[in-house]
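K.L.:
Mind looking over this structure? Questions follow.
Rule-based calculations on the coordinates, nothing more; no lab input. Just so we're clear, the structure is a prediction, and the values are computed from it rather than from any experiment. Reconstructed Cβ throughout: ideal geometry from the backbone, glycine too, with neighbour counts over all protein chains shown.
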Amino acid sequence: VVGNCRKLGAPKIFYIAADMASPEAPESVVQFALDKLGGLDYLVLNHIGGAPAGTRARSAQATRWLMQVNFLSYVQLTSRALPSLTDSEGSLVVVSSLLGRVPASFSTPYSAAKFALDGFFGSLRRELDVQDVNVAITMCVLGLRDRASAAEAVR
C-alpha cells in the first residue's frame, strides 16, 4: 500500500498495523492518526473478524473475540475519535452487513455483532442530533453472498 501511495505521488504516508482483537489497539490507532494528522475529518470503520462458515454454536470465548473485533472496537474507535470529528463537523462511515438487519443460519455470533452495530450507531446518530452535534453517521450495509457460494462454504 505504501509503495502504491508513493507511485501515485502522495507527499506523506502514515500507517499503523493493529489487531482490533486487542482491547488497547483501537484507541492507539486513533491517537496515532490524531498525532500525525492533527485532527480527523472522516473515520471509516471497515474491518471484520469472521466466523468460519457452518459454525452453529460457538464458545463464549470465540463469541467474545468476534464481539471485540466486530463491535467493541468500532465503539472504541468512535469514542476516541468523536471529539475531533465534532470539532471538524466530520463524518463517520460504518461498514456493516445485511446480517445485522436480517438473521440468517450459521452466522449467530457474527450476526449478533452486526445487529449491535446497527443499534449503537442508530442511537448515537439520534443522540448527536438532539445535542446539535454536526457529525454525520452513514451506515453502509453490504449484502450476502450468492446461495451457491454460501452453501459450498458450509460443506
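K.L.:
If you filter region 1-95 for GluC sites (Glu not before Pro), then keep DSSP loop positions with at most 13 other Cβ within 10 Å, what is left?
P.N.:
Numbers: sites: GLU24, GLU27, GLU89; in loops: GLU24, GLU89.
Passing both the DSSP loop test and the Cβ count: GLU24, GLU89.
K.L.:
Going through region 7-106, which trypsin sites (Lys or Arg not before Pro) have at most 10 other Cβ atoms within 10 Å and a DSSP loop state? List each step's numbers first, then the result.
P.N.:
On the way: sites: LYS7, LYS12, LYS36, ARG56, ARG58, ARG64, ARG80, ARG101; in loops: LYS12, ARG56, ARG58, ARG101.
Taking region 7-106 and a limit of 10 other Cβ atoms within 10 Å, the loop trypsin sites (Lys or Arg not before Pro) found are LYS12, ARG56.
K.L.:
At a Förster radius of 25 Å, what calculated FRET efficiency corresponds to the Cβ-Cβ distance of HIS47 and THR86, to the nearest 0.05? Intermediate values should be presented prior to the final figure.
P.N.:
Values: r = 23 Å, r/R0 = 0.92.
For HIS47 and THR86, the calculated efficiency is 0.65.
K.L.:
How much length is gained if the chain between ASN134 and ASP35 is pulled fully straight, taking 0.36 nm per residue apart and subtracting their Cα-Cα distance, in nm to one decimal?
P.N.:
Values: separation 99, 0.36 × 99 = 35.64 nm, distance 2.29 nm.
In short, 33.3 nm is gained.
K.L.:
Let me ask something else. Out of all Cα-Cα pairs in the chain, roughly what percent, to the nearest whole number, are more than 18 Å apart?
P.N.:
Above the 18 Å cut-off, the chain has 64 percent of its Cα pairs.
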